[in-house]
1. Tell me the volume per residue, in Å³, of the convex hull enclosing the alpha carbons of region 143-206.
2. Sort out the exposed loop GluC sites (Glu not before Pro) in the chain (DSSP loop, at most 15 other Cβ within 10 Å) and tell me the longest stretch that has none.
3. Between E34 and S170, with labels modelled 7 Å along Cα→Cβ, what's the label distance in nm to one decimal, could you check?
4. Work the Kirkwood hydrodynamic radius out for region 110-155: mean of 1/r over every pair of different alpha-carbon atoms, inverted, in Å.
5. Return the sequence-ordered ³J(HN,Hα) values of region 98-108 in whole Hz as given by the Karplus equation 6.51 cos²θ - 1.76 cosθ + 1.60 applied to θ = phi - 60°, using x for Gly and Pro.
6. Taking the Cβ-Cβ separation of N59 and E26 as r and a Förster radius of 22 Å, what is the calculated FRET efficiency to the nearest 0.05?
7. Give K105/K156; K37/K153; K37/K68; K105/K169; K156/K189; K105/K153 a once-over and call out the pairs whose C-alpha atoms are over 19 Å from each other.
8. Of the chain, which part is the longest with no chymotrypsin sites (Phe, Trp or Tyr not before Pro) in a loop (DSSP not H, G, I, E, B) and with at most 12 other C-beta atoms within 10 angstrom?
Amino acid sequence: MSVYSQCCAPQARAPSHCWDLSDLVEIRVTQGQETEKFIMIRPLLCFHSSFFRKLLDPNGPFKENGAKIVDIQDDIKVFVAMQRWIHTGHINDVGVKTLPLALCKIWVFADKRGMPGLANDAIDALHEYTAYHGTIPTPTIPYILENTLPESKLYKFLHAQYSAIQSNKSLVNDIERALRPDVFDEATKSFLLMQLRTRIDFGGPATKEVEYKRPQEWVFEDRCRWHQHGPRGTFD
Ligand SMILES: [Zn+2]
């Protein structure tokens, strides 16, 4: 039995008719100078992604053009991770850790492509990493600040986990590093100052969005507060 909170609205499994090997589509993913081709089962991809459901609608331009190939710009490694998740239901196996920065990239992809189930699993994996290691890998902070909006679930998750896990001593260490040239970007410096300001205002590691949690309580957080629930990624 897992100690982690279970989702109150788990992602629906794809119905069996999504396994239609006669309805394939080729997705060409370009990242910089590199392009990779992925053969996907169209109904299965469309079940999990509102973006692809709209793009590959057989009653829309997709069929009218007679096309079986679409081009997108995206991160190729993240697309591979998405493909694995669609076919296995897992980002990675138990005991095999996906690096936190990769999980953040998967979340950003899932958010852009309308895949709440994948986004939620990425948040859960991030939570388990930080709960287990008791620390936040520094590269994830500038990436999240640069690629998400303040109202997004991942942005709120970052604030919550930093408040819960990073002690005042760790915050001071981070600020000392931020004072050195070229260590952190401006957004990360502002983030650290906001953390300091809220701790002074509230007298402890807290933000306006999350009440103070001792690090050992972080593991028991209700992760649904950072999930996207609803029908967006499933058949409406
Ligand atoms: Zn949930």
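1. Working: hull volume 5.1 nm³, N = 64.
Once divided by residue count, the hull of region 143-206 is 80 Å³.
2. Numbers: sites that count: E151, E209, E211.
Looking at the chain, 1-150 is the longest stretch - no exposed GluC sites (Glu not before Pro) with at most 15 other Cβ atoms within 10 Å.
3. 3.1
4. On the way: mean 1/r = 0.0872 Å⁻¹.
Mean inverse Cα-Cα distance, inverted, gives 11.5 Å.
5. 8, 4, x, 5, 5, 5, 4, 5, 5, 4, 4
6. Values: r = 20 Å, r/R0 = 0.91.
It comes to 0.65.
7. Correct reply: K37/K153; K105/K169.
8. Details: sites that count: W19, F220.
Excluding the exposed sites themselves, the longest stretch runs over 20-219.
Where a number appears in this text, it was derived from the coordinates with a stated rule and is not lab data. Worth saying up front: this structure is predicted, and the values here are computed from it rather than measured. Positions of Cβ are backbone-derived with ideal geometry, glycine not excepted, and every protein chain shown enters the neighbour counts.
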